[in-house]
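Enquirer: Got a structure for you, questions after.
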Amino acid sequence: CRELGVATVAVHSDVDAQALHVRFADEAVCIGPAPASKSYLHVPAIIAAAEITGADAIHPGYGFLSENAEFASICGMCGLEFIGPTPDDMRRWGDKVSAREAARAYGLPLLPGTDVLSDAEHAASEATRIGFPVMLKAAGGGGGRGMKIIRSADEMRRLFPQAQQEAIAGFKNGNLYCERYVEEPRHIELQVLCDGKGQAYVLGERECSIQRRHQKLIEEAPSPAGDDALRARMGAAAVAVGRAVGYSSAGTVE
């Protein structure tokens with residue numbers, strides 16, 4: 001922003017007054033005490049900080065409100081540009097079941113899977129149809145929470161309630177779905193950048209296969225496992241979706 005001549009305002013809690021981002025900004029506004037619920041998650045304080053400083057746009061940073069569709073909507077209603085995906089895109093891609101539906105509609109290759117599962121019996125029936133093993137997943141989030149490898153119908157009945165409680169605790173959303181489990185996968189993420197007007201680019205891929213408890217430990221770019229032909233196929237699939245939905249901002253296709 002400084003190189004572009006764009007003035008910046010940093011918001012901070014009272015304990016972060018000397019944080020690096022605060023020292024780098026042209027202005028700073030304290031938005032509350034240390035608990036995130038009273039500062040970095042307190043939407044009225046953030047909007048007020050933007051209004052009193054005459055800000056034109058809000059960059060939400062990482063975590064906190066950065067993937068909150070309601071916050072992005074409020075920014076728009078207040079005449080502030082939200083630097084990130086649109087609220088509709090957040091809703092479409094933030095829920096993994098709706099994301100699967102959208103990906104299927106736009107021709108992305110998908111593992112066999114399900115819609116939202118109503119209960120453990122429904123899950124066991126669907127998993128039998130897909131073929132074990134399956135991965136039971138939380139629709140509302142990631143990071144390994146609400147995620148179980150299931151190898152039999154009995155195991156599904158036993159672990160479904162546990163996964164559902166983890167999902168509710170982690171994401172306030174108990175919806176679960178499942179898809180076929182790949183025993184020794186390569187976890188590849190492609191970073192895409194889209195302008196919302198039909199232009200979409202792949203900035204490269206990351207190999208994220210080294211994990212613990214379904215959470216990435218190491219990212220390596222480019223992937224040592226891919227060749228140019230596979231890389232081109234994955235990149236074409238990733239940008240096709242970005243163009244088709246008019247996606248705006250940076251995004252990751254896994």
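Enquirer: Go over the candidates V15, V22, V9 one by one and state the one that is more than 30 Å from L176 (Cα to Cα), open to solvent by 30 Å² or more (accessible area, probe 1.4 Å) and in contact with an Asp or Glu (Cβ under 7 Å, 6 or more places away or on another chain).
Expert: V9
Enquirer: What about V116, is it part of a loop (DSSP other than H, G, I, E, B), open to solvent by less than 70 Å² (accessible area, probe 1.4 Å) and touching a residue at least 40 places away in the same chain (Cβ under 8 Å)?
Expert: Yes.
Enquirer: At pLDDT below 95 and either within 24 Å of the chain's Cα centre (by Cα) or buried (at least 18 other Cβ atoms within 10 Å of the Cβ) (or both): is that true of E101 in this structure?
Expert: Criteria met by E101.
Enquirer: Could you look through segment 180-216, keep only residues that are charged (D, E, K, R) and surrounded by 12 or more Cβ atoms within 10 Å (Cβ to Cβ), and pick out the one that is farthest from G113 (Cα to Cα)?
Expert: D195
Enquirer: Is there any pair linking a residue in segment 42-71 that is closer than 15 Å to T86 by Cα to one that is among the acidic types (D, E) and surrounded by fewer than 16 Cβ atoms within 10 Å (Cβ to Cβ), with Cβ under 7 Å and at least six apart or on different chains, and which?
Expert: A57/E81
Enquirer: For segment 32-57, give me the residue count where each residue is surrounded by 18 or more Cβ atoms within 10 Å (Cβ to Cβ) and among the β-branched types (V, I, T).
Expert: Total satisfying the criteria: 2.
Enquirer: Starting from segment 85-98, keep only residues that are over 20 Å from L110 (Cα atoms) and crowded, with 18+ Cβ neighbours inside 10 Å, then list their pairs with residues that are modelled with pLDDT under 90 and aromatic (F, W, Y) whose Cβ atoms are within a distance under 9 Å, requiring at least 6 positions of separation or different chains.
Expert: Pairs found: P85/W93; P85/Y247; T86/Y247.
The values are calculated or read from the model by the stated rules, or taken from the named source; none is laboratory data. This one's a predicted model, so the numbers in the text were calculated from it and none came from an experiment. Glycine gets a Cβ as well: all are built from the backbone with ideal geometry, and neighbour counts include every protein chain shown. Side chains are part of the model used for accessible areas, which takes the heavy atoms of the whole protein and leaves out ligands, DNA and RNA. Shrake-Rupley method; radii C 1.70, N 1.55, O 1.52, S 1.80 Å.
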